[in-house]
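To keep things clear, I will list the structure first and then write my remarks on it.
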Amino acid sequence: MQSTVPPTHDEVNELLSELILPFYEVERDMLLPSQPKGKRRNENDAEHSWSVAMLACSLAPHIDSTLDIGIVSQFAIVHDLVEVYADDTSVWADDAALDLKEGNEAEALKKIKAKFSHFPWLIDALEKYEKQDSNEALYVRAIDKYIALCIRFMDGGEFYRKQGITKKAFDAALVSHRKKAQRHSGVFKYYEKIRAEYDQHPEHFHQG
């Protein structure tokens, strides 16, 4: 990461107004189970990224002593930042949206690089995470998949039933999801445990 001239006040405000604050407006299709039924809202990307960072840093020393927790925390903070421009694409989106996901996120990364090049840490962290060629990057992506299943399980199946998702559809849709979790063996052990919990609770799914 090269040193640069410190950004101006206007450039800092641009980062706040065009990237950081809009991150709170990217809504995910994840209900927050901490709220009472009937009043649950979806989490936003900022809340999600903080949750991933907390879990990833807390779990890292226990399952993989080679992980650099500083790098883990940085990757967790930025891992979904491209969604400010690309928006969130759920695993439950239709095939057309899923097919566009990778390209949309690549274009979003280009836009962030062009617009915020005077914040080199930001660009460096984003690019290194998106490359997925380090243990820390693989770990954070695996945690991202694991935490999603955990939080959805906590809502007692409310999301799956409302969306008409059967257990069969759940298993089919999560094939690629599982492969990403599998790329870090330490996290994958936890991922498989929560998947087994779903197998024990068919009532969480639409009975179609």
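The values are calculated or read from the model by the stated rules, or taken from the named source; none is laboratory data. Since the model is a prediction, treat every value here as computed from it, not as a measurement. Because the Cβ atoms are built from the backbone with ideal geometry, glycine has one as well, and the counts that use them run over all protein chains shown.
Below is a table of values for the structure above.
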read-out	value
Some residue of the range 88-95 being hydroxyl-bearing (Ser, Thr, Tyr) and farther than 30 Å from Ser58 by Cα	no
Number of the exception - Asp95 against (1) at pLDDT below 95; (2) within 14 Å of the chain's Cα centre (by Cα)	(2)
Residue count, the range 87-106 (criterion: of a type in the set (D, E, K, R) and surrounded by 13 or more Cβ atoms within 10 Å (Cβ to Cβ))	4
Candidates Ala173, Ala169, Ala148 - the one that is crowded, with 20+ Cβ neighbours inside 10 Å and either out of contact with any Phe, Trp or Tyr (no Cβ under 6 Å at 6 or more places or on another chain) or more than 30 Å from Val12 (Cα to Cα) (or both)	Ala148
Residue ranges of helices (runs of 4 or more DSSP H) in the range 125-199 with at least 3 members farther than 26 Å from Asp95 by Cβ, at pLDDT 95 or above and charged (D, E, K, R)	185-199
